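The structure under discussion appears below in the form of structure tokens.
Since every read-out is calculated from the coordinates, none of them should be taken as a lab result. These numbers were taken from a predicted model, which means no experiment stands behind them. Virtual Cβ from ideal backbone geometry, glycine too; neighbours counted across all protein chains shown.
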Amino acid sequence: MKNDELPNIIPVFPLSNFIIFPKTTVPLNIFEPRYIDMINDCMKTNKYIGMIQPKNSKDPGEISPELYETGCLGKITSFRETDDKRYLIDLKGIIRFKILKEVKTDKLYRKCEIDCSTYLNDLVEKKENLKFSDLELIFKDLKSLFEKRGFIINWKALEKQSLDETINALAMASPFSLEEKQILLEAVSLDLRKNKIAEILSTYIFDEYHNTTLQ
């Protein structure tokens, strides 16, 4: 995809504690009526959806929570309707974006005007120069944290992936907070994301070393 082919206005799907990265694919179960409508409209046009995290809200049922500025544009690559009228889709991450402003429409779901210029490197196929030796300590600490939180990860399968796929998969699946995941999403380069994961992990390790209770 070229920069001039990117959409300027997209429907957005706010999902708390959930991020996707470019070149990763995630399954989604769509059941809310407003997002069923969104998928119907997307399938008739360019199949693009913006995944973005809502900021912490005191009311989890709030219809239009405040959104973070940065999200990831995804494209529907697989679509199936279930017998009970849910949609099961696969969404492939294309490029991260920043919200310029929300666009008023007569739809139940939200739309935003976006800018992708900060993250144009997401469209480049070139792999960043990282080695698995750079990840050894992170792998060890992440594995320990995942196991303590009851998360099951197929580490052997991860090791067969490219480094960018591995780091992004771990960032997406990690038991980090909403704010911590947003920091990882906004890290412009893979090397910076690797360092941010290490920094976040060090705070968890410090807390456990001092026997504090993790929330």
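Structure notes:
- For the pair residue 25 and residue 183 in one chain, pulling the backbone fully straight at 0.36 nm per residue adds 54.9 nm over the alpha carbon distance.
- Neighbour counts of other Cβ atoms within 10 Å put 37, 115 in the fewest-to-most order 115, 37.
- Ranked by how many other Cβ atoms sit within 10 Å of their own Cβ, fewest first, the residues 72, 116 fall in the order 116, 72.
- Residue-wise HN-Hα coupling along region 22-34, computed from phi with Karplus coefficients 6.51, -1.76, 1.60 (Hz; x: Gly, Pro): x, 6, 10, 10, 10, x, 9, 9, 9, 9, 5, x, 5
- In this structure, the pairs whose alpha-carbon distance is over 30 Å, taken from 55/75; 148/194; 101/148, are 101/148.
- Spin-label model distance (nm) - residue 154 vs residue 85, 7 Å beyond Cα toward Cβ: 3.5 nm
- Sequence of 99, 39 once ranked by neighbouring C-beta atoms within 10 Å, starting from the fewest: 99, 39
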